[in-house]
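The values are calculated or read from the model by the stated rules, or taken from the named source; none is laboratory data. Predicted, not measured: the structure shown is a model, and the values here were computed from it. All Cβ positions, glycine included, derive from the backbone under ideal geometry; neighbour counts span all protein chains shown.
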């Protein structure tokens, strides 16, 4: 019998569901050293929290997160609460000696991220920041190819993260549009993922130029239920000011000389979760799109010239990263599987006392790049990432 | 608290895993009237069965399936055992008054399928045959569009189901190649799915012409472990005769005048689980490929002529069939999700005393078409499906 | 200065234009031994013919084709007249000692095709049948790869040729629907191309099973101008019977054991000129679609398993067949270019006394397969191609 | 009989061929008011020029371009000579009262472009700058849709122009790498096209941020024949410095508030002539890629939400821009066709005394944006296009 490991999940929304599902599945599909137990569900609204806890089989509910962290019987704190409370929660969890599994983006500012990383470091606890796309099999396989030198010297990164869910001007002014709650729009929410992937696959970003746009400057104030993202729902007739970007385009230099671009937008009609990248190197090229997450495009420049072409690799073989745990070749996996992969790696790191990436240190670096982009947009000049301190 | 419903899963292989996962998840994502309980796992090899049962949280293991069916505390019998035992198991389960959830293909022959359907009918129990692809959201959405008349009069069905996992001549002579265990090759295994989809989306098949090919006629006899599908593993040096098709191409007329084609093969290099169809009608066209299961291609002939083109619909909206239960638009689902959808529908039918499709009656119709194809191939003539009795 | 070679073009329609354009261009882009001269344009309607001749720079017009063929100053007879006159024209041209460049399909029947081939053979003149798709660079490159053994043992051919231009029931009853003028519908018009490609790439067809459908059985009689393919134009209010197939699906065995399918239809909404094939062999797979004619999909099974995927090869390198004569890599060519390629090869064959494929002998074989398909459809049984005599 | 119009083509290379082909074809496919006559071919190398002239049927050759322009019997001067001589040639041609058809990019600098535009304006002659991609049917159709308001308010432009022909470090130091001959690398050569398309489809660029990279800083000095772009050909063993960018990424604001990105590179393995854009607006989205030039991706946000998807429109209908002049739906055209379209429009403008776009005024605006990008890259700040004077 496996050892049990107790988890507190802090948050009951979309991400609470995705994380609980992951903890439920990880020991079924991966040979992990623990059997995760969904011990405590923390929420802010009582009815939702009770329902959530019952559905997912949590033993208990709780409404004071700090107290949860102080319990001796909690091993892992899984933070899926709003970004604005990440810092306080991570710092507290670290001080309580808990392993921290935290949803992205790390924080609302560089200062917060630094504080979180310091707390985790000082406490010596395991931390993980859930930039889940790293563990999509196709992306992990891309990483493997790059590390094996299959792309040669890297030249360019072309990233994009496009969605369209707020294009309706009647979509209400939810927290996503407020600077103090979200810090940024797609720059913060989506480019944080792209920057994570770029750091993972390419290396550190050295300098940034960015331009931001807000296309719809006023939106209806939300009524109750606006968080469900239904345009016009509960509208009160009043409007408020959008304080973040609707789209942000950024170009970068990496420390290793690679040239990069990052286009992100929530105003790209037809793009639902279009997390995309192209990588070009001296020996090959790669392209990936989350909407076809099981496929990796690969061009091998060492193939005979007349036979070169982007290969559409189905990354579903048992020998591809993570894929063997699931079904059979061609039996594609979906969005939530990458969460399970992260949990498997997290549990292994917990057992061995190792680390896992990305973690709070990575969070610092990612937020630093985003801050640099904000500064570049404001000051209309190239900003070195190291300027952000 | 939901009522509990007890399930016995008969089989511990790939499909045992897929089904157990489904039962585990269904009440988490769908508003079903029951909480499924994995009560008994039946297997033939003790070690595998114990490990399987423990991993998935079954309360018990069992090694006599008939006895399991006679237990009063089992509500649903989920059959994921080899096809050759489907008939006996389904008949017994029906006689024991159990609801039957049975993996495809229904049976090894038309006679068996008829017997199964009769038993289920006589017992008045709920039955379901797991042609899972019907409940992929994109396919269910295709059905909805057709039912709403969006395609107008239907003209053609072009189906294909292509794989490549046995192309290596050293791949051993597993049960898949034996007539008494598998009845057919891809015709039985894969075209059964295609025929199910065609009956679902188009209608009944009236007549069939078919040609079959076996490209590799002798294969190494398998040693232990051959079932893991690893070429050459455990080879003994001896070879045996392949008794089924490696590829089968079939053309059909449907009762409603539609013209159909069904190409299936396990010798289609690069196709991993390429379950594909195109449908053409007077008002529109559809195309779908399981390898991109979240997408449906749709051509609306009522769009202005110069603006017509196959639309690539991401079938991941909350308003698309089944999709709202999962994540968010563009957050794609995978292979196993369709199993969960079937279980949700099954539990609702169980509660209401309704039916679910496809069921054992559908199994009869599907096997009848496959038998007609075998007969056509043997007799080198067009065979009316009604000739199979 | 190159030698001049005099050409008579017999026909002034869509194909007259495509051929004249080809003759105009061939010596500009290819190093051919002759400078083609557009000497005589033959037509049946005087105004059209004069206009056509003037536009394309023909020296003369003519209204008696037999007389044209008897002229000493004509070297090449280019037949772009309706299929029903192909036989008489080819036989006469051969008897007059002219090199024959003839549009497809060869003839209305096997008997006609045999007579044409015999006439050409007896006269010892060069003949070419314009199944133009062979000389699309991507197709010629596919041929090269197959000949070099890159696909290993061939297993399957999956061909399709789909269009949608007559789906409107008000599209008038033009010659395309009359048995004595067209012999067949898409079977004759489009599958003749597919069969040509299959014979080129795979080998001879041995036996055939086919089903045909006519979806719209009566159509308005055309008024003047119906030939312009505009639905309803000039409709008289009367209707007549459609005598040919609207769609024909066919499955085949090839002499070399390959299994084949050929789906053709003019009722496939959204498919404009979808001439498609997939080829599967023991070492690799190919796929091609005319609508993306510059691309060839190639799967190399000798790539490492985890890196296999269909490569999308842009067949536009200077080292790809024919492609070097045109622009630069990635600078795609179009429909008419394959005509120029055929003319270049034709002029070389004319100079050297060699042959070119496909020719009238190939026409016999192609028509024989189509006749077998008709017979199979009528007699509802598998028909050996050799039965057609 | 049409009036003849005499053309002098100045240059005999790749573009000389493309332009001569266009003049040869334009009156065959379009109803233009003139019959173009290839009167004089100007070149610098005698053998090449004579061969070129003979092949394309020029009446004469010439080796003094200024003299050619002074001839009374030349109506149109078609400049396909290196960019560095564009200014002198255009100014002279204008002064001689000739209509000017000039290959892109307009000039090596903003100052040159201004001088060219002024000369043309003062002389009152027709001018055209051959940014050919505007007249690809799919692009012209995109323009039509935008003008009709089908995209609503425009939000984003995502452009890219990627090639890979100089990735080999042994590719010699041809004129393409010298600042005084080419001014820039892909920024000048390729982004000039992208900027032209963006101005055509979106509007004027207001400000620019750019980063440039040179990945290979030294290259072998070319021997004779290096211009043929064959790596290593004629290498002398010496190397020289690359003076231009290998890749340039740029982000922009447009006057109308649209946010833009332009990525260009000659180091994008597998991209041959990947001239790509995406456009997002409040009512719809478009995407286009030259490598599939006959297709336009269109997303209509006014379709029912569950049926939305990028439509792949084959822009080959007779009712699509320019397409009706060629073949039939689905019968795709190629690279050179857009040249013919430009010539057709040019001849109409010549006849009517009208104008055609893009012209020398557009050249000024395009070069101004490119200069702003250079300045931004140098000064590491956002540069307003209006700063370039």
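List of remarks:
- Hits in the stretch A:274-289 (condition: surrounded by fewer than 24 Cβ atoms within 10 Å (Cβ to Cβ) and within 14 Å of chain B (Cβ to nearest Cβ)): A:274, A:276, A:289
- Boolean, residue A:199 is under 26 Å from residue D:211 (Cα atoms), in contact (Cβ under 8 Å) with a residue 24 or more places away in the chain, under 14 Å from the mean Cα position of the chain (by Cα) and in a helix (DSSP H, G or I): yes
- Sole residue being in contact with a strand residue (DSSP E or B) (Cβ under 6 Å, 6 or more places away or on another chain) and within 13 Å of chain D (Cβ to nearest Cβ), chosen from C:15, C:1: C:15
- Scope the stretch A:316-331; condition touching a residue at least 12 places away in the same chain (Cβ under 8 Å) and over 21 Å from the mean Cα position of the chain (by Cα); matching residues: A:316, A:317, A:320, A:325, A:326, A:328, A:329, A:330, A:331
- Qualifying residue in the stretch D:138-148 (condition: touching a helix residue (DSSP H, G or I) at 6+ places or on another chain (Cβ under 9 Å), in a strand (DSSP E or B), more than 22 Å from residue D:333 (Cα to Cα) and in the same structural domain as residue D:276 (by TED's automatic domain parsing)): no
- Qualifying residue in the stretch A:118-135 (condition: modelled with pLDDT of 95 or more, within 14 Å of another protein chain (Cβ to nearest Cβ) and over 18 Å from residue A:264 (Cα atoms)): no
- One residue from A:10, A:38 being more than 13 Å from chain B (Cβ to nearest Cβ) and buried (at least 17 other Cβ atoms within 10 Å of the Cβ): A:10
- Answer from D:43, D:57 - the residue that is at pLDDT 95 or above, more than 17 Å from residue C:25 (Cβ to Cβ) and not assigned by TED's automatic domain parsing to the domain that holds residue D:324: D:43
- Flag for residue C:243 being surrounded by fewer than 21 Cβ atoms within 10 Å (Cβ to Cβ), assigned by TED's automatic domain parsing to the domain that holds residue C:202 and touching a strand residue (DSSP E or B) at 6+ places or on another chain (Cβ under 7 Å): no
- Residue within the stretch C:27-45 that is in a strand (DSSP E or B) and within 27 Å of residue C:174 (Cα to Cα) present: yes
- Selection count, the stretch B:296-315, where residues are touching a helix residue (DSSP H, G or I) at 6+ places or on another chain (Cβ under 7 Å) and either in contact (Cβ under 8 Å) with a residue 24 or more places away in the chain or outside the structural domain of residue B:281 (by TED's automatic domain parsing) (or both): 4
- Among (1) over 25 Å from residue D:2 (Cβ atoms); (2) in contact with a strand residue (DSSP E or B) (Cβ under 9 Å, 6 or more places away or on another chain); (3) modelled with pLDDT of 95 or more; (4) within 14 Å of another protein chain (Cβ to nearest Cβ), the one test that residue C:81 misses: (4)
- Subset of the stretch A:302-357 [assigned to a loop (DSSP other than H, G, I, E, B), out of contact with any strand residue (DSSP E or B) (no Cβ under 9 Å at 6 or more places or on another chain) and away from chain B (no Cβ under 14 Å)]: A:304, A:321, A:353, A:354
- Of all residues in the stretch D:46-66 being part of a helix (DSSP H, G or I), in contact with a strand residue (DSSP E or B) (Cβ under 9 Å, 6 or more places away or on another chain) and more than 14 Å from every other protein chain (Cβ to nearest Cβ), the one that is nearest to residue C:56 (Cα to Cα): D:49
- Residue satisfying all of: in the stretch C:237-251; outside any strand (DSSP E or B) and in contact (Cβ under 8 Å) with a residue 24 or more places away in the chain; farthest from the other protein chains (Cβ to nearest Cβ) among these: C:243
- Restricting the stretch D:148-173 to residues that are under 25 Å from residue A:263 (Cβ atoms) and surrounded by fewer than 17 Cβ atoms within 10 Å (Cβ to Cβ), the residue that is farthest from the other protein chains (Cβ to nearest Cβ): D:149
- Within the stretch C:66-79, tally of residues that are buried (at least 23 other Cβ atoms within 10 Å of the Cβ) and closer than 25 Å to residue C:180 by Cα: 3
- The stretch A:252-269, subset at the interface with another protein chain (Cβ under 7 Å from one of its Cβ atoms) and closer than 23 Å to residue A:184 by Cβ, residue surrounded by the fewest Cβ atoms within 10 Å (Cβ to Cβ): A:253
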